[in-house]
Structures are given as C-alpha cells and as structure tokens.
1. Of all the accessible heavy-atom surface of chain A, with the other protein chains kept in place and a 1.4 Å probe, what percent is carbon and sulfur?
2. Calculate, in nm to one decimal, what B:Ser9 and B:Asn51 gain on full extension: separation in residues at 0.36 nm each, minus their alpha carbon distance.
3. Any idea how far the Cα center of the stretch A:1-45 sits from the one of the stretch B:45-99, in Å?
4. Skip the ligands, DNA and RNA, and give the accessible area per residue of chain B with a 1.4 Å probe, whole Å².
5. Mind checking the per residue accessible area of the stretch A:1-68 for me, 1.4 Å probe, whole number of Å²?
6. How about the stretch A:20-82: which trypsin sites (Lys or Arg not before Pro) there lie in a loop by DSSP and see at most 15 other Cβ atoms within 10 Å?
7. For the interface of B with A, what's the total buried accessible surface in square angstrom, probe 1.4 angstrom, rounded to the nearest hundred?
8. Heavy atoms only, probe 1.4 angstrom, no DNA, RNA or ligands counted: give me A:Leu88, A:Leu47 ranked by accessible area, highest first.
Amino acid sequence: QKEVEQDPGPLSVPEGAIVSLNCTYSNSAFQYFMWYRQYSRKGPELLMYTYSSGNKEDGRFTAQVDKSSKYISLFIRDSQPSDSATYLCAMSESGGGADGLTFGKGTHLIIQP
Amino acid sequence: EPEVTQTPSHQVTQMGQEVILRCVPISNHLYFYWYRQILGQKVEFLVSFYNNEISEKSEIFDDQFSVERPDGSNFTLKIRSTKLEDSAMYFCASSETGEKLFFGSGTQLSVL
C-alpha cells in the first residue's frame, strides 16, 4: 500500500515562527523523500530531496526522515509571509523515476505578517 | 532558470472529445512524467516515459490515455474520449536523472 498521510491544515503562524510540517507513511519500501511547495494554481516546486533516514538542511529549511517510525518532517525557520503556500510531501521507492512519486494531500500554511 | 512549459493553461472540452495536452520539458532532461490533481485531492502519478517508451503507468492511465514524444522537444498527453471525471489539473514533469522532478504550471482541463 502506498498511503501517505498529511494534515491538510490550514496551519497559521506568525511571521518569524518556526514551522513544523509532517507526513506519515505506511510503505516501508519508500527510500526517497521530497518536499514540494505549491502556490495557488501553480505546479509543485521542489524544496528538499533526501535519501533514507537523517537530516538535510538548506538555508531556512530542514528536512528530517525517520524510517523506523515512517515519519518525515520539514522545518522552516524564520518564516516569512512569502512562505505561505501548500507544502506537499512526496516519496518513492526508486528515486522518483519509473515508479512515480506518491504525494501527501498537502498542508496549507499561512504566515501572518 | 530552465522550466517545464505546459500549454494550454486552460482547456475546456465536451465529454467524449479528444484532447491533447502539451509540454516542453527542460532541454537536457531525459525522463518525463504526467501527473494529475483533481480539485481538493492529492497529486497522482499517471505515467513515466524514458528512452521513447513508457517506463511505468498507474491504474488511472488506461487505454483512453496515451503519451508521445513527437520530436526532440515536446511531450504530449492524449485523452481519446474525455469523461467528466477527467476534469483535473494535469502536470507535466521532467528529470535529468530520474531522481529530482521539476513540474510545469499545469493545464486545467474542464470536461463539460
């Protein structure tokens, strides 16, 4: 089963706060984990790409993967109003290639100025 | 910055009609994909394409759907006889190595 669960929100936080976004999954064969940002009426934009368990940092964004718990997270530090968007987690068994990505439903994030 | 381009941005069609959605992937990319997103639902995988053939397809991608790379720059999705439930945003994506996918802005298909 390729189920990915994600709280749809909306999640509303004040500017400057640390944001925590999460997904859980059931397929233990997932090896590659991604976070995409989607603005209204636009395509998903790749933010973070990680393989297996561990942390990855890129600027204000940190992605964490805990394969033992089947749980992934995205942290946004010093959140800005421009971070307001829907954040989609996605994962795959083979790197996103042939077998495609399985997406969560997305969390709608609102950063209040 | 290179981007995936999709045309048209909106397509309205009558049930039973054929539609072709067009995509220009990023120029040095070798892997191509179609996904769709029904309003309020998850982004769903339709098909992946590499080396001029389909690599994988989902249960959604039935005989009504086909993909083609007619030349060196375009990648198309054809729906032969549209149904009401085909109404969705269709995203094209491409990848250089089959790992990181880059998505276009989508074509909103409305079937009446």
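The values are calculated or read from the model by the stated rules, or taken from the named source; none is laboratory data. Keep in mind that what you see is a predicted model, and the values were worked out from it rather than measured. Cβ atoms come from the backbone with ideal geometry, glycine included; neighbour counts cover every protein chain shown. SASA here: full protein model, heavy atoms, side chains in, ligands and nucleic acids out. Shrake-Rupley method; radii C 1.70, N 1.55, O 1.52, S 1.80 Å.
1. After summing per-atom areas, the C and S share lands at 48 percent.
2. So the chain would gain 12.4 nm between B:Ser9 and B:Asn51.
3. Each part reduced to its Cα centre gives a spacing of 24 Å.
4. Each residue of chain B exposes 52 Å² on average to a 1.4 Å probe.
5. For the stretch A:1-68, the per-residue accessible area is 53 Å².
6. In loop regions of the stretch A:20-82 (DSSP not H, G, I, E or B), the sparsely surrounded trypsin sites (Lys or Arg not before Pro) are A:Arg41, A:Arg60, A:Lys67, A:Arg77.
7. 1700
8. Output order, biggest surface exposure first: A:Leu47, A:Leu88.
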